[in-house]
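Report on one structure; see the data block that follows.
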Amino acid sequence: MSRKCKCPPAGAPEWMTTYGDMMTLLLCFFVLIVSFSEVKKEEQFQAVVEHIKQAFGMMGGGGKIPITDDPTMSLIKRLDAMRLKQEKQPNRSNTKDPGQRGREAKVTKIREGMVIGTGGKITFEPGSAELTTPVKDLIRGLVDSAKLKGTENILELRGHAAALELPAGGNENFEDAWALSHARSKAVYEFMAGVEPQGLGMDPRRFRLTANGVREPLDNRAYTTAEEQLNRRVEVLVSETLVTEMQVPDTGR
């Protein structure tokens, strides 16, 4: 009499169900990673992140006060999120409406015409308006690369100071950041206009000096004097208007 074959029970093994669930979850996880690799709509991305935080219990829970922010999020990240939200609200500073001049504009139209930055950053030591030898070499290279010599375009030298480089009440040379930023723009002017020895000999009539104090810093998160280097600077802006167009006309009097 032949033995009867012991056939396996009908249906898939129990481990197969667990394995299938795990593979499905892994597939969904990698699909999310690929979809997040290029974020084109930040509002939708933030909405997905909020749902994921809810699913993993990062919105508060039993014995905790319900919150809407990730408790591990730092203050800086929260401020960045607030800034991002504000930038999404249309206003004159970020509008794309061609009827208003928003942040997308690369040049500025003023009375003297378009004003374009040369891209060079002339930086200074903390609390100083002195041009060092490397800075003078940088200015020479900037003048040559931008071809500023031999033309009659108006040049604006915009001086800046950093928030931490002067003590309260100023120092022995400068009473405040306004005086320091003006001294920096004047130092660059004297070198470019040839007032000092080894100057570049450019036409002094072409220059306009501006002092911005601590306004318009390039690095808003500089917490030490060393990190504020880019804020201690002079910017060179080139106007499309010629110096001859800004002279007082001869009335014959």
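The values are calculated or read from the model by the stated rules, or taken from the named source; none is laboratory data. Since the model is a prediction, treat every value here as computed from it, not as a measurement. Counting neighbours? That spans all protein chains shown, and the Cβs are built from the backbone with ideal geometry, glycine included.
Return a yes/no flag: does the stretch 203-218 have any residue that is farther than 27 Å from R140 by Cβ, modelled with pLDDT of 85 or more and out of contact with any helix residue (DSSP H, G or I) (no Cβ under 7 Å at 6 or more places or on another chain). For the stretch 203-218, residues farther than 27 Å from R140 by Cβ, modelled with pLDDT of 85 or more and out of contact with any helix residue (DSSP H, G or I) (no Cβ under 7 Å at 6 or more places or on another chain): present.
Yes or no: the stretch 161-173 includes at least one residue that is surrounded by fewer than 16 Cβ atoms within 10 Å (Cβ to Cβ), touching a Pro at 6+ places or on another chain (Cβ under 9 Å) and at pLDDT 85 or above. The answer is yes; a qualifying residue exists. The residues of the stretch 199-230 that are more than 12 Å from the chain's Cα centre (by Cα) and in a helix (DSSP H, G or I), listed by number, are P204, R205, R206, A226, E227, E228, Q229. Looking at the stretch 152-172, which of the residues that are touching a residue at least 24 places away in the same chain (Cβ under 8 Å) and more than 22 Å from A222 (Cβ to Cβ) is farthest from the chain's Cα centre (by Cα)? Result: E152.
Scan the stretch 188-205 and give yes if some residue there is aromatic (F, W, Y), without any contact (Cβ under 8 Å) to a residue 60 or more places away in the chain and crowded, with 20+ Cβ neighbours inside 10 Å, otherwise no. Yes; the residues of the stretch 188-205 include at least one that is aromatic (F, W, Y), without any contact (Cβ under 8 Å) to a residue 60 or more places away in the chain and crowded, with 20+ Cβ neighbours inside 10 Å.
One residue stands out among those in the stretch 174-187 that are part of a loop (DSSP other than H, G, I, E, B) and in contact (Cβ under 8 Å) with a residue 24 or more places away in the chain: the one that is surrounded by the fewest Cβ atoms within 10 Å (Cβ to Cβ), which is D176.
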